[in-house]
1. Residues of the range 202-227 being part of a helix (DSSP H, G or I), more than 22 Å from the chain's Cα centre (by Cα) and surrounded by fewer than 19 Cβ atoms within 10 Å (Cβ to Cβ), which ones?
2. Quick one: is Thr339 at pLDDT 95 or above, of a type in the set (S, T, N, Q) and outside any helix (DSSP H, G or I)?
3. Quick check on Tyr166: is it assigned to a helix (DSSP H, G or I), at pLDDT 95 or above, under 30 Å from Thr424 (Cβ atoms) and not charged (D, E, K, R)?
4. Would you confirm whether or not the range 418-428 contains a residue that is without any contact (Cβ under 8 Å) to a residue 40 or more places away in the chain, surrounded by 13 or more Cβ atoms within 10 Å (Cβ to Cβ) and touching a strand residue (DSSP E or B) at 6+ places or on another chain (Cβ under 9 Å)?
5. Find the residue count for the range 109-159, including only residues that are among the polar types (S, T, N, Q) and touching an Asp or Glu at 6+ places or on another chain (Cβ under 9 Å).
6. Just one of the numbered conditions (1) surrounded by fewer than 24 Cβ atoms within 10 Å (Cβ to Cβ); (2) not in a loop (DSSP other than H, G, I, E, B) is not true of Ile288; which one?
7. From the list Phe146, Phe129, exactly one residue is assigned to a loop (DSSP other than H, G, I, E, B), among the hydrophobic types (A, V, I, L, M, F, W, C) and buried (at least 21 other Cβ atoms within 10 Å of the Cβ). Which is it?
8. Out of Asn261, Asn364, Asn306, report the one residue that is within 19 Å of the chain's Cα centre (by Cα), surrounded by fewer than 24 Cβ atoms within 10 Å (Cβ to Cβ) and either free of Cβ contacts under 8 Å to residues at least 60 places away in the same chain or closer than 28 Å to Gly183 by Cα (or both).
Amino acid sequence: MCLQVLTPAQPWLSPGDTAWQLTAATLVGLMSIPGLAVLYSGLMKKKWSVNSMMMTFYAFAVVLVVWCFWGYSMGFGDPLKLGPGILSGIVGIPRAILTPLAEQGRAFVPLVAGGIPGLKFPGSAMILFQFVFAAITPCLLAGAVFGRMSFKAWALFVPLWATFVYSINAFMMWGGGWLAHLGAVDYSGGYVIHVAAAVSGFVAAAMVGPRLARDRQENRPSNLAMAMIGAGILWLGWNGFNGGDPYFANQNAGLAILNTNLAAAAAMLTWLLADVLKTGKPQLVGSINGMIAGLVAITPAAGYVNGFGAFFIGVAAGVIPWLTLTYLGPAINRRVDDTLGVLHTHGVAGAVGGLMTGLLADGNVIQYFGGGKVSNVSVTGLFYGNPAQFVHQLVALIVIVCWDALATFLILKLVGLVTPLRMTERELETGDFAVHGETGTSDDPLPESEFVGDGRDVRVPAYAARPAPRSVGAAD
């Protein structure tokens, strides 16, 4: 008697690798919502608490739609042949990836399939994992333009930016594009995510213009407890950020996670020491900045360097961005108002990490193991005998900076033809309530302009004076 046997998955699927990839994706997603949302809410002054959260929330949602319908294939699909040479390695062919075959079939990236082991999870896991990286990047960019960018302009800008900046960056570095063929590496997004967010955020900040002078002068964080919660979610979420990028639950994933935490700790402590030496006080906001800088700097290197390299990258991330923020930041901000210092904690830190990868990448740190005539896959930097790697890293940095700055400028010019980039004066003065009709907490005071009379000599908030909607089936 022959019994038919059902199996839960195809033979190529690894439950462990699939579970880890989905877990890593969830950890990275939590870094955006609620991680960045509550971090921003706590760091911004109270009048911009809702706006900073809403800009993050919207970006996360709209990027998912872009990613499923055309963004993923532009970053990780078949190349779009725009011409000879470099032009055929810039971007993938845009198409939706929502068919049963795309979602349930075996994940693969066409141009890198021969350089890594066959992936052992479905396409849906890969799409989700890469989405959370695409989503967090404009969320980071937002930190440069809080407190004055129109939400309507932001709503148009994000999907355009995800399409024409992020997807192209991803293809060039991770999708087998021309920077990857050149030999440049970016383990988890020091260039593709953090430098990109910083450069684009800086251009956007310059084009939108500064916050109100009063907001710039009186910009104390509204809730440091909220900021600390967000920072903690970021730190631990980064285990998925860097630990998921080998695409396997393997030795390199464990090494990358340990390196990530070591670099974060080293950078935080270094930044804290610098603050104490300068101000005499251990500052929480400074410590959060140091932690973030360390996490950003180790991101391009996490699976390529040994533990000593990770520690040195962390120390450098605690020193160099601190110096630029402390001594160059005030002069830069007089010209371009980068609200939360994204240029320093993400741009400078990401560049430091990417370039130090070219110095400290250890060829004995194995990403994938070979066998027979197939060599191990690893990266070797200048200090281990390969000076070309540093050159590749420098070229990739220049390309990402130049393309992202130009593309962001053009996108914002286009958006500006449709709607103003900047909030109205009333919105700038009032903040959350004027933009969203909400405040961060119920006890937040409303400005005078938001009160109206209700006919009984009693002044009430404008929203309370509006007629309440009638319930379905109410009697006439």
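The values are calculated or read from the model by the stated rules, or taken from the named source; none is laboratory data. Quick caveat, the model's predicted, so the values are computed rather than measured. Note that each Cβ is placed from the backbone with ideal geometry, even for glycine, and that neighbours are counted across all protein chains shown.
1. Within the range 202-227, Ala213, Arg214, Arg216, Gln217, Ala225 qualify.
2. Criteria met by Thr339.
3. yes
4. So far as the range 418-428 goes, no, none of its residues is without any contact (Cβ under 8 Å) to a residue 40 or more places away in the chain, surrounded by 13 or more Cβ atoms within 10 Å (Cβ to Cβ) and touching a strand residue (DSSP E or B) at 6+ places or on another chain (Cβ under 9 Å).
5. Number satisfying all stated conditions: 2.
6. (1) is the only condition that Ile288 fails.
7. Details: Phe129 fails: assigned to a loop (DSSP other than H, G, I, E, B).
Going through Phe146, Phe129 in turn, the sole match is Phe146.
8. Criteria check complete, one pass: Asn261.
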